[in-house]
1. Under 25 Å Cα-Cα from Lys241, which lysines qualify once same-chain neighbours fewer than 8 residues away are excluded?
2. Two decimals, Cα atoms only, Kirkwood Rh: what is Rg/Rh over the stretch 60-139?
3. As an exercise, identify the chymotrypsin sites (Phe, Trp or Tyr not before Pro) in the stretch 135-190 lying in DSSP coil whose Cβ has no more than 15 other Cβ atoms within 10 Å.
4. Check the straight Cα-Cα distances from Lys130 and name the aspartates and glutamates below 19 Å, setting aside those fewer than 8 residues away within the same chain.
5. Tell me which of Ile113, His38, Gln63 sits at the most positive position along the dipole axis of the stretch 25-141, charges placed on C-beta atoms (Lys, Arg +1; Asp, Glu -1).
6. As an exercise, identify the GluC sites (Glu not before Pro) in the stretch 72-105 lying in DSSP coil whose Cβ has no more than 11 other Cβ atoms within 10 Å.
7. Give me the percent relative contact order of the chain, please, defined on Cα pairs under 8 angstrom at least 6 residues apart.
8. For the chain, what is the mean residue ellipticity at 222 nm derived from helices alone (per DSSP H run of n ≥ 4: -39500 (n - 2.57); sum divided by total residues; nearest 500 deg cm²/dmol)?
Amino acid sequence: MSAAALTRDLIVTHTRALKMPGVARVFESLARQARDAHWPHEDYLQEVLSAEQASRHESVIRQRLREARFPEVKTLDTFDFSASEGVSATQMHALARGEWVTAPENLIFAGPIGTGKTHLAIALGVEATKQKRRVLFARAADLVRQLLEARDARELTRLQQRLLRVDVLVIDELGFVPFDRVGGELLFNLITDRYERRATVVTTNLTFAEWVTVFAGDEKLTTALLDRLAHHATVITTKGKSYRMRKRRGAGS
Ligand code: ADP
Ligand code: MG
């Protein structure tokens, strides 16, 4: 084996031991460039290290995206603002900057089915993952079921703690399935725990006046929950007809 090949193998071994995949990927091509352009050694080292840093940054973001468990990845790019009433592109792009996550503030998307609520909630969640935020997407009914199951398995505290570590919790489709009293209380506790500590996004087809129907008719609990959720919240009301239905009709005519 040539000395150069031996050195190369040693470098690869080091990158594995040190967990530096970015270095492993670039060190050879950068070395060629450095030789051709007569870079100082420090410049070469700087380029190699910055490639490693970029690679780590990307890998954290990929992991955040996986952990968020979005049912589909939706982005603001693919949202047709001209086809949607009640949603401002300026407002959404401002929210994409993520100050509401830092604050933290809540977002409530309310409106009829098919008007882009879930799409926008996911898109802003994706933006948050790009800022390395921990995001979790869950349908309201699934979240309540998980809380109930954890309670029965005496693992409620652990689940609650895990949910509290999430910077952005997206609770989708509140209102599709009503909860029983215990389920409603568990969701209430979750939202109370997150109040002023973490950001929460809710999508719902209900008006605020109708929320009580989801919480087994419990006026007191619903009022207290809305109070916390809406206190530091931006409410976005989507309007109009279902986007898919309109697309279909548009295609047919
Ligand atoms: P909702 O959650 O309000 O019921 P969704 O966000 O699930 O509605 O939207 C239904 C489908 O239509 C999704 O595939 C979504 O990507 C798409 N959609 C809705 N509104 C728009 C829009 N304005 N531009 C692009 N796609 C849209
Ligand atoms: Mg939806």
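Please treat every number below as a calculation from the coordinates, not as lab data. Because the structure is a prediction, the values reported are computed rather than measured. Because the Cβ atoms are built from the backbone with ideal geometry, glycine has one as well, and the counts that use them run over all protein chains shown.
1. Within reach: Lys74, Lys117.
2. Values: Rg = 12.3 Å, Rh = 13.0 Å.
Over the Cα atoms of the stretch 60-139, Rg/Rh equals 0.94.
3. For chymotrypsin sites (Phe, Trp or Tyr not before Pro) across the stretch 135-190 that sit outside H, G, I, E and B with at most 15 neighbouring Cβ atoms in 10 Å, the list reads Phe176.
4. Result set, ordered by chain and number: Glu52, Glu58, Glu67, Glu72, Asp77, Glu99, Glu105, Asp167.
5. With unit charges placed on the Cβ atoms, the residue in question is Ile113.
6. Filter output for the stretch 72-105: Glu72.
7. Normalised by residue count, the contact order of the chain is 24 percent.
8. On the way: 11 runs with 145 residues, N = 253.
The per-residue figure over the chain is -18000 deg cm²/dmol.
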